[in-house]
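This report refers to the structure that appears directly beneath it.
The values are calculated or read from the model by the stated rules, or taken from the named source; none is laboratory data. From a predicted model like this one, the values you see are computed outputs, not experimental measurements. No Cβ is skipped: glycine too gets one built from the backbone with ideal geometry, and neighbour counts run over all protein chains shown.
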């Protein structure tokens, strides 16, 4: 699947920039999915929602388009912690709403949060059986250590404990991504609140411990054995 901006960077015919309405829609969705206390978003978030590679020609031209939309009153510029941001103005919201009512609003590409969910599902489906085998091998090693005569050295148990923790965490994460992570919807931010049905029956202390264990369960980068943890 080719990305926007590939043509100019490869010497092909110039590709059309995203329409102003598409940029406005991307800013609106980026703000909604970031779920911050402000509707203003940085340029990298806007580019993500437009599926524009940052180093593409179209990505480099995005800032000029944003400044032009500021000049027309459709956007309000700002700055958050030293980073330039843009937000829809009242005029920009009216313009986007009018385009939608007229059936002229262009369709946004897949959102970053939906892409992350889809990639995690695909990777989990490919890897979960390997993770199961790895954990089973570790448990078999633990059984052999238990039966060993003379008993295994303490270092062997410490090392195996690290491996079992890593492998169990990785399998749990893959299970969550494959079977328990609901498909994100564009209408709201997909934030892992680390809550599950039945949590209301847990005592406060146990609930805190359970939610602590759920930290990072959607982070597939932690499945890489080279990181030494999961």
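All but one of (1) at pLDDT 95 or above; (2) within 30 Å of residue 27 (Cβ to Cβ); (3) in a helix (DSSP H, G or I) hold for residue 61; state the number of the condition that does not hold. All conditions are met except number (1). So, residue 95, is that one assigned by TED's automatic domain parsing to the domain that holds residue 20 and crowded, with 16+ Cβ neighbours inside 10 Å or not? Answer is yes for this residue.
Of the residues examined, residue 180 is one that is under 27 Å from residue 114 (Cβ atoms) and either within 19 Å of the chain's Cα centre (by Cα) or without any contact (Cβ under 8 Å) to a residue 12 or more places away in the chain (or both).
Take residue 141 and decide whether it is modelled with pLDDT of 95 or more, over 27 Å from the mean Cα position of the chain (by Cα) and more than 20 Å from residue 18 (Cα to Cα). Yes; evaluated as a whole, the condition is true for this residue. Taken together, the criteria place residue 129 among residues that are modelled with pLDDT of 95 or more and outside the structural domain of residue 44 (by TED's automatic domain parsing).
Scanning the stretch 104-118 finds one or more residues that are out of contact with any helix residue (DSSP H, G or I) (no Cβ under 8 Å at 6 or more places or on another chain), modelled with pLDDT under 95 and over 19 Å from residue 191 (Cβ atoms). Screening the stretch 34-48 for residues that are assigned to a loop (DSSP other than H, G, I, E, B) and under 11 Å from residue 85 (Cβ atoms) and picking the one that is modelled with the lowest pLDDT gives 36. Taking the listed residues 51, 31, 87, the one that is under 19 Å from residue 111 (Cβ atoms), in contact with a strand residue (DSSP E or B) (Cβ under 8 Å, 6 or more places away or on another chain) and not in a helix (DSSP H, G or I) is 87, with no other qualifying.
Of all residues in the stretch 184-214, those that are surrounded by fewer than 10 Cβ atoms within 10 Å (Cβ to Cβ) and under 20 Å from the mean Cα position of the chain (by Cα) total 3.
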